[in-house]
Structure formats: C-alpha cells, structure tokens
Amino acid sequence: MELVHLDLASGLPPEGIPGGQVECYVVFWWREVPLGDIHIRPGDRPVTPRRLAELAARAVAPAVGDRLFRSGFRQQPPERLAPRTDPPAPLDELLSARAVLERAAAGGPIAGASSPSTTVIICTRDRPAPLGRCLAAVAELRTAPDEVIVVDNAPTDDATKRVAAAAGVRYVREDRPGLSFARNTGVRASRGEVLAFTDDDATVHPHWLDQLVAGFVRDDVMSVTGLVLPASLDHAGQVVFERHMGGFNRGFRPIEYDHGWFSRTCPTGTPVWKVGAGANMALRRAAFDRVGLFDERLGAGAAGCSEDSELWYRLLAEGWTCRYQPTAVVFHHHRSDIAEVQDLARHYSRGHLAALFVQYGRYRHSGNLRRAFVAIPRHYLRRAASDRYWRRGRSPTLRAEVAGYASGLAMLGYAGPARRDEPTGGRASRRAFLRANPFEQPLTLGMFYREKMRAIHAIARPGPVRRILEVGGGQGGLTRLLYPGAVIVNADYDRAFAHRPVNEGAGSHFTCADGTWLPFRDECFDAVTLFDVLEHIPDDTRAVAEARRVLRPGGQLLLSSPNDAWRFPYYRAFRRVCPTDAEIMADWGHVRRGYALAELDRLAGTGHDAAHTFITPLTVIAHDVAFSRLPRRVRRAAGLALAPLTWAGYALHRPSALGTETAVRWTKR
Amino acid sequence: MTTKIPRAGTRYGIADIELTRPLQALPLAADETGVAVLLRRGRRPLGFFLVEGREPGTEVPIDELSRLVAEHAGQSLVDDVIAAELGQRRPPPQPLPRRSRPSVTAAICTRDRPDDLRRCLRSLLAVRDAAGGVDAFEIVVVENAPSSGATAAVIGGMPGVRRCLEPLPGLDFARNRALAEATGEVIAFLDDDVVVDAGWLGGLLEALAENPDAGCVTGLVLPAELGCEAQVIFERRGGFRRGCRKLRYSGPAQPGNPLYPAGAGIFGAGCNMAFKRQALIDLGGFDEALDTGPPLPGGGDLDAFYRVVRAGHALVYEPSMLVFHRHRRDLEGLRRQYRSWGAGMMAFVAKTWTTDPSQRWKLERLVWWWVRQQLRELRRAAGEPEPVLRRMVFAELAGGVAGLAGTYPRSQRRSAAIRRQHRDGTPVYE
C-alpha cells in the first residue's frame, strides 16, 4: 500500500493521484493539523485533480466543521443506539463560512491555557535502533518536555543505556520484565504534572507534546490520547495490521469519553480500548494518585496488552474523563511481517480478556463477563461465518485471535472473589451515620448536630451514588459519612482544607473552587451536596444554578441551611449569656439569616422532593448554650441538665414541624 | 420519526431553495399537508427532504426551516466550500485542447405521450440554448410504435430535434435504435416523463471530466410534482433518489457493499442515465428481452449498468445531473410500477445467472437480501392502518417471484417473436 501525506495549504498536486497497481492511503493535513484520510483502491486510480478536490473536501469536512462550529459536527464516543445530542450548526454560520480551511487550522489548536510541567516516558526493551529514532523525534519537539525518561526493561546488555546517554535523557532501569512494571517505574521516577507516554517503535510529530497537554481542557480530564498513523505501509504485515486489526486510528475529531458514556455502555462491557493507544497517551500525575498505577498483571510481557485501557476503565468508572485529541500525532512503525502481526493479535486478544477479568474483579460490573463469555465468542463466530458467506477468504488474524482468547481464559482468576468490604456507593446505615457525629458531647450539647444528621439522612436517597460533588465541604466530611462508597469531589474555596485527612482518603478529591463558578462539565455528578454553605455565598442564585448544571438529570441536590425561623439566641432570656445575631453570623461567615422553603424551591427552580426541619424550639436551648459565652464547664453541665428536654424534643420532632433549620432534597429533571 | 402514510387526496408542495439567497418561510397552499425541499447552492443540489404532517395553509417558519436545512445540508455545505477552496488553491490547469469535451446526444424514447414529451423537450431545448445553441448537443427522439401522429407533431414543432422511428414495441428496442442513430460520443437516455434541470448537462460533463474512465453516468431524480397520494407514497418510500453526494463504482468489489455489483439498484435509474456510446455498443446495447412492456416492463437499465461495471468501466453517480420526474398519478399505476421493479430486478438476476456464472454466489445472496428487505418493508407496512402500502409491497414481492419464475425466458421468446413479425429477425445489437 502506498502512503501519501498531502498538505492542503500548499494545494493539491496538479496531477492528482497518479495511476498505480496498489491501494493508496492518503492523509490530508493543513500544515501541522491532520484533518482527514481516504483510501483509494487501485481501480479508482488515477484520480483526476478535480475528483481529488472533491474527495479531499468530503474527507476533511467533519474535522473542519468540528473546529469551526459550536455544534453539528461533534464526534460522539462509539455507542450503539446512541442518541444524537448535538444540534446542527447555526445555518447563518454555515452559509457565511468562507476560507474555512485557513480558519479551521488558524493558530492550530495550540491553546493550552496552563503549561504544566511535563515528563515524556519511553519504555523499551533491547531495541536500541528504534529507540534512537524515537529519541531523535522527541528532541525535535517544539515544546521541549521538562524531562525525558527512558525505562530500560530487563535489558540483556547496555546498548539502551548508551543510546539514552547519547541523547542526554534520564535512564531508569526496571529488571522485572513487563511493560506495566516499566511504565510504573517510569511514573514513580518522573517529576512532571503531566506524563506523556510513547513507544520505542513510534516517532512523534513536532507538536505531539503541546497538543497532548492542550487536550487537558478541564480539570476532570485525566487522560488524553492522540492520533496514531502508520509510519509506513510498505510491508504486508503493516497493511494487515491497519486493515484487519483496525489500526489505531480513531478519527480526526476530538472525542470525549466521560462517565455518562461509561454508565450507558457498562451493562454490555464498556469498550475502553476505543479510547486510544498506549503509544500515544498522556495522563495527569493526579490520575495515578486517584486510581492507582498500571496493573502489573496486564501489558506486554504479562497478559499481553490492555494495561492502558484498564487504567482508563478505572478513571471512567470513578467519574473522570478521557479525551481523544487527534492533533497530537504519533507515527507508529507497525510490524512488517505477517507472522509478527499474528503474534501481536494473539497477545491482544489474550490481554483483552485478562483486562476484562481484572475490570470485573475490581468493580463487579457484569458487562465485562458478558463481553468475555458472550460477545467475544459471538464476534469470532460471526466473523468466521460472514467471511465464509461473503467469500472474503479467511481473515489472516482470526485464528491467532481465537488462540489468544483460549489462552486468556486461564486468567479467569483475575476476576477474583468478591471482596466483602467493596464499597457499594449506597447510603450509610442510619445507625452508623448518626454514631459518627463529630461534635463534642454528641448526645447532650452536640445533640443538635445529630438532629441535623438525622434530617440529612432522612432526605438523602438510599440508592447507590457513584460520584458526588460536595460544595464547601471543608474538613467536615459529612458527605463521606453519608455515602461511604462514593467518589466525592469536595469543591471548597479554602485551599487550607486540601490536606485534611478526610480530603485525602481513597475516593476523596479536593478541588479549590468557587461555588458560583464550578470547574466541572455539565451533568457529570450523580449528586451535589450543599450542607450549611448557601448562607455563606453572596450570589446564592448562581451557586444553586451551578450546582444544578453539573448535576446529571435524575441526580439529587441535597441542601441544609438555617430557615426563616432561625434567630440567635432563640429565646430572649439567653441574650445575656449569648452573642447577638449579628456577632454570631459574622463569626460563622453567614451573609444572610436563612431561607423559607418556598424561597429555596424558587432558587432550585423546581419543587422539592423531601424536606426535614431540625433544631426545634426545645432542642434549640442546648444548641444556644453550646454557642454561648458561658465557661466550658458550665456549658457541659447545662448540656447534661438539659438532656431530658433535648431528648424529648428530638424524639417528638416531626419532619415538617417547626424548626430553625431545614434539610431539603430536589431531583433534577 | 415515522409519520403515518398520507391520506387520499394528499398534496405536497415542492420548494427549490437556493441557499445563496436569503431564506424565507415556506408557505403551504390550502390543500397541501407537506412540502418537499430541494436545497441548492449555486445550482448544485446539496440536500433533499420532506416536511410532513402539516396543517394546510400554514407555513414552515423560518427558524424551523433553518434548523432543518442545517441538519440536512450541514456537512454538504462545508464540503462544498472546501471543494471550491481546494479548486482555487490548485495550480492553474494546463490549457486544454479546444474541443476537449465529449460530444453528447440526448435520447428520449417515447410512446404516445405527447404532452409529457413536449415538457421534456422544452426543458432540454432551454439547456441546449444556454449551452450555446443547436450545436451544443444532439437531441434524438425515438418514437416507439406510435399509434397516432401526435408525437410526430410535437417533435415537428421543435427546432433541431431529430426524430426517428422504432416500429418494434418495447423500450429497449427504442433505446437500441437511439444508440444506433446517435452521433455523440456520450449518449444520455431520458424518459419522456422527466424535465431536465438547467444544470443537467453541466453535471454530466463535470462527471465525465472528473472520471475519464467512466463508462456510465447516472444522475439524481427528484419529483416534478407531488400532487396526489400515489406520488407522495412513491417519494416517501425513497422514490428514485440516490442522495446528493457524488458516488463512484468501479472494480470487481466495493468495500462495505458485499453485494456489489450484483445489487445493481444502487447505480441509478433508467430515466436519467448516460453511457459512453461505443462502450455500450461493444457490450451489445440493451437487452431487448427486458423492458418489453408487460409482462416484463423493467430491468433493462439494471442490466446495462451491471454489464458496464463488469466490463471494467467505472460508473459514476452525479447529483448535479438532475432531472425531475413526474411520478405515476394513479395508485394502480404505482402498484404496477412496483411490480415491474420486482419483476425487472429478478429477471435481471435470472438473466445474469446464466450469462455471468462467476457471480452466481453474489446473485444468490442478493435474492436472499432482497427477500429479507421486502419482508422488513412488509412488517413496517403492516403497522399502517391503510392497506395501500401493503399492496405496494405485495406487488413488488409478487413481481419478484414472477421474475424468478421464468419470466425472462418467456420474454426472450416474446421479443424474438416481435422481431420476426416486424423485420427479418435480426436484433440491432446482439
């Protein structure tokens, strides 16, 4: 097969594509930006210049449209029966579009707002010559990485070390053979915030690194993958790899694989390998902190492959986003020999199966087993039957793939027995939740907090919740206590809370953010909690609107705040020992007194599902004492003395009875 | 989106929207419940869609129309701009020899339909005048076994139109006559019930320039009117449309379409097709046993497309080579048309089975595919309260069964008999 790169900026060749006996693969660029490709069969050659213009236009139009218009050309992640959510582009813009190629590629996509420090990690094993070629390309990068690490995996001589030394890059040695071991060693040795991976049998485009970095368009994007093009198609094996194994090409438009896609495809086994290829990917360092390193049971040298896709699986399952950024280009030198490609196919299908087992073992998502035991065998059978029916001749890789599948079955053990302590994402039991009241003297003076927790527990939905945004969670960890198994993102204005234990545990993430300007995509959380926070925010309308924006349809919005009955102290008699309203509000940082329930409904834009008041006229006495100016010992004694009254108030309270604060739940429709 | 089939008396308007001009709301006449929209830019067709289920006398508001246009022609618009830009960006072409474009003959085969023929010829003459007068291309009308002098009178009133007579009744007799009488390097066949678009000739020449190896060019066929139920049903079921993108078929196989080239229905329609004349003559012209009128009034076009492609020529579909076809107005006529489609398709299969044994396995799979397709259509039609759609599907199925059950050999004998009756029995081409 012939491989042709055409730069549309310098015009199409005047002779078109000349005649020839072999298929021609044409990639269209606008200077540094890849825009589309076509295959020209030998029967269609020669291609006249006029027809080439027509074909080129059709090939690049989706990518050009995607870059020029806000909508109408978005590429959605692959999904059967996917609803089309992208409205068409505005007609006036479509009609007035001129000089589209120039504009679409104008300034390239080099628009990374931040410039994080970068590390390029290349894992290699006894291939000094290709490594040298790869390092030479890395040295040509327009944006030099802060660090380049070559991980030498179980070397038999020091050739790799010499190549690394000659290129002046860091050399790290990993003696346990296996790509995952090597990659993890690279991650541990690296210092950058963004870690970019490529393979020794690939060469990178000069804009590769800056484009990968530019792909981290939001905080929730944890992984960016790029376009992998064949470096040459001279040999039969390379053609087989591109044609029968699908190659690595995922198209010329960006794709965002998000949690929504993950949840919709999970029942049939999310096709995570479609996210990209390990030869061209970058991950935030934080990604490894949050979901762990590459699984060392997978990858070349172990099960075969899929160590990259299994990591994407974890990221997606935990609610993060993986982005495909086709402007980051890597040229891959496919194996030239058919036997080598068949070997690769065997490893791929074995590794894929092993990864399905690992994914099931980790998350108990039955879609993985469905894929392993139903979809894949069915796929092989159908392919064989269809090739036979259409007389296409036997696929050169099918036999190898089936053999790999068979050997992969031996790895069923990775699906492992279920761990009993596996978090389910459900609401904590009421008993366990109330017992965790963090207030001192939780049953007397701190009883009011138990009331709050009871109210919140009563309104929170029991169903499993995967990913929750806690706005202004501080160091309280109330949401963590409520949903022990969920992934919780705490968005708080005060950076000081970032390193409190509750924000650093497994599944907990802290983001420094303003509640009125949340750095998250639309509809990416299953629940949003605003516990005791709205009364602190001057622009409360906007804060609630933001919370609703990031909430997925059907998700719950939980809120607690003082209500319109709130005052301090509640009874005039306590004025002598208590600070005034104004003092206590200043002390607590409240910018308003409280909300009537109707006012909250108006802010939320919809009627509430459930509401529960707390701190009643009886229990408020102990509450006010707890915040009075009385000496600590007196307060404790008073709390004890008031206990029967407080308990009676607690026991007799009904959700809609008079209270000074309210917990409310809405569902986004 | 599925809208119920239109009720009797349904009329749709037809809007030809030029996108270089400002968009306007589309009014519906007092008896129209829908409108068919053709989108063009600079006369090049970019999209076609139906807006249905409207209250008569209302209008399609401009914002809804904009959204529909963007939805149906969004990518085509971008395609179009890029192709134009790339055309400009290309280095200027070498100066071409003066008479570089091939000479063209437009051939119309007609039989006792003087009114349709008049409209068709008028539109062709307009195209010819715009292209430089009488010498721009040749127009030949083949009168097929006429029963009166009405057709001759119509032709007599048109300047520079050649008339010739084919006494043997049968469309493919007439087409072969045209092939013999024409002088152009390229011969374009038109049915008498079409009206050609102003860009028709330009589209044909463009396709030939872009594809010098093309043996056949087919074009877009859109409705000339949707004035009654039969026409609306026909257009809703797909009509003759093959989309608004250029397509090219060549070689022994086509990726993504394992039925190619046996599934010849994708190539185009006989009411708007052009061939390199010599190539078609070398292949033996049209098969006169197909298209002989009842009982086998179809399949000659499919057979010609198939043989052209199998002979190694490229076949090109060019949307700019646009004609408007007046569909059957009566439901009985429409039913006969579907029947003839089924019969023609399967007669083509039966014929090719014997003439091209290496492709038998594809033909066999084509039959299975076709049956499944018809059953799917039947299931869809079964959901409709009106029986009319079911009748159409049944007609096509019955035609198909008849086509497989020996219609072709019978028709061969019949056409031989016609030939014996009228002449010394030698076909125009063998």
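Bear in mind that the values in this text are calculations on the coordinates, not laboratory data. Because the structure is a prediction, the values reported are computed rather than measured. So basically every Cβ, Gly included, is an ideal-geometry build from the backbone, and we count neighbours across all protein chains shown.
Summary of values
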{"quantity": "Average partner coverage of A:91-103, which counts Cβ from other chains inside 10 Å", "calculated": "5"}
{"quantity": "Kyte-Doolittle at least -1.0, axis length at least 30 Å by Cα - qualifying DSSP helices, chain A", "calculated": "A:338-363"}
{"quantity": "Kyte-Doolittle mean at least -0.5, axial Cα span of 27 Å or more - DSSP H helices of chain B", "calculated": "B:62-89, B:331-355"}
{"quantity": "Rg over Rh, two decimals, the range A:246-308 (C-alpha only, Kirkwood Rh)", "calculated": "0.96"}
{"quantity": "Neighbour cut-off at most 16 other Cβ (10 Å), DSSP loop, trypsin sites (Lys or Arg not before Pro), the range A:299-406", "calculated": "A:R364, A:R391, A:R392, A:R394"}
{"quantity": "Gain in span if fully extended, B:D135 to B:A150, counting 0.36 nm per residue against the direct Cα distance", "calculated": "2.8 nm"}
{"quantity": "For B:65-77, mean number of other protein chain Cβ atoms within 10 Å", "calculated": "6"}
{"quantity": "Point-charge dipole on Cβ atoms (K/R +1, D/E -1) for the range A:354-456, about Cα centre, debye to 20", "calculated": "500 debye"}
{"quantity": "Student exercise, chain A dipole from Lys, Arg, Asp, Glu Cβ charges, in Debye to nearest 20", "calculated": "2380 debye"}
{"quantity": "Using θ = phi - 60° and Karplus 6.51 cos²θ - 1.76 cosθ + 1.60, couplings along the range B:252-268 (whole Hz; Gly, Pro as x)", "calculated": "x, 8, 10, x, x, 9, x, 7, 4, x, 5, x, 6, x, 6, 6, x"}
{"quantity": "Extended-chain gain in nm, criterion 0.36 nm per residue less alpha-carbon gap, A:D581 and A:V374", "calculated": "67.9 nm"}
{"quantity": "Residue-span extension gain [A:A99 to A:R391] - 0.36 nm each, minus C-alpha spacing", "calculated": "100.5 nm"}
{"quantity": "Charged-residue dipole, Cβ positions (Lys, Arg, Asp, Glu), the range A:430-667 about Cα centre, Debye nearest 20", "calculated": "860 debye"}
{"quantity": "Positive-pole candidate from A:L558, A:A622, A:A547, dipole of the range A:515-669, charges at beta carbon", "calculated": "A:A622"}
{"quantity": "Cβ-defined net charge surrounding A:Y650, 9 Å radius [Lys, Arg +1; Asp, Glu -1]", "calculated": "+1"}
{"quantity": "Cα→Cβ-extended label distance, 7 Å offset, between A:S407 and A:A159, nm", "calculated": "2.4 nm"}
{"quantity": "Long-range amide H partners of A:W29 with built H, under 5 Å", "calculated": "A:L6, A:D7, A:L8, A:L35"}
{"quantity": "Rounded to 5, percent antiparallel among DSSP beta bridges of the range A:430-667", "calculated": "40 percent"}
{"quantity": "Cα lying deepest toward the dipole's positive end in chain A, options A:L445, A:A136, A:I468, charges on Cβ", "calculated": "A:L445"}
{"quantity": "Built amide H within the under 5 Å cut-off of A:V120, gap 5+", "calculated": "A:E147, A:V148, A:I149, A:A196"}
{"quantity": "Bridge type composition, the protein assembly as shown - antiparallel percent by DSSP, nearest 5", "calculated": "40 percent"}
{"quantity": "Within 10 Å of each Cβ in A:386-394, the average number of Cβ atoms from other chains", "calculated": "2"}
{"quantity": "Diffusion constant of chain A at 37 °C, which comes from Stokes-Einstein with the Kirkwood Cα-pair radius and 0.692 mPa s, µm²/s", "calculated": "116 µm²/s"}
{"quantity": "Radius ratio Rg over Rh of the range B:335-422, counting only Cα atoms, Kirkwood formula for Rh", "calculated": "1.08"}
{"quantity": "Trypsin sites (Lys or Arg not before Pro) restricted to DSSP loop in the range B:267-322 with at most 14 other C-beta within 10 Å", "calculated": "none"}
{"quantity": "Space enclosed by the convex hull of the alpha-carbon atoms of the range A:1-159, per residue, Å³", "calculated": "215 Å³"}
{"quantity": "For the range B:104-329, share of DSSP beta bridges that run antiparallel, in % to the nearest 5", "calculated": "40 percent"}
{"quantity": "Sum of -39500 (n - 2.57) over DSSP H runs of 4+, divided by residues of chain B (222 nm, nearest 500)", "calculated": "-13500 deg cm²/dmol"}
{"quantity": "Selection of GluC sites (Glu not before Pro), the range A:104-199, meeting DSSP coil and at most 14 other Cβ within 10 Å", "calculated": "A:E140"}
{"quantity": "Lys/Arg +1, Asp/Glu -1 at C-beta; the range B:335-422 dipole; positive extreme among B:Y408, B:M392, B:M345", "calculated": "B:Y408"}
{"quantity": "Near-label residues of the range A:248-287 by backbone N, under 18 Å of a point 7 Å along Cα→Cβ of A:H39", "calculated": "A:248-252"}
